[in-house]
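The values are calculated or read from the model by the stated rules, or taken from the named source; none is laboratory data. All of these numbers come straight from a predicted model, not from anything done at the bench. Methodologically, a virtual Cβ is constructed for each residue, glycine included, from the backbone with ideal geometry; neighbour enumeration extends over all protein chains shown.
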Amino acid sequence: MSSLSVINPPRTRRQFSREFKGEMVAQCLKPGASVSRISLDNGLNASMVRRWITETKRAGKAPELRSRFDHSSNHQAGAGSQ
């Protein structure tokens, strides 16, 4: 009896450029866009694309929060000196 053995090559983790991720996120943030559909159309897992969206939103809010904090602390310092 002979046996047949199939050797699968090791799977490598895909890496995506920031530009590609940004394009996917931009498409998903358009009004009426479906993250699932865009993901499937591009051969991606929807949960991964949703993570990219979350990371992009967090990164975008960080500078905004810092500038608000800096502005409010400057404003308070100026109000006390008058």
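Remarks
To keep it simple, each residue is scored yes or no on (1) modelled with pLDDT of 95 or more; (2) within 28 Å of residue 24 (Cα to Cα); (3) charged (D, E, K, R).
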residue	(1), (2), (3)
37	yes, yes, yes
46	yes, yes, no
61	no, yes, yes
65	no, yes, no
72	no, no, no
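- Residue match in the range 10-21 (condition: acidic (Asp, Glu) and surrounded by 12 or more Cβ atoms within 10 Å (Cβ to Cβ)): no
- In the range 22-57, the qualifying residues are those that are surrounded by fewer than 13 Cβ atoms within 10 Å (Cβ to Cβ) and of a type in the set (Lys, Arg), and the one that is farthest from the chain's Cα centre (by Cα) is 37.
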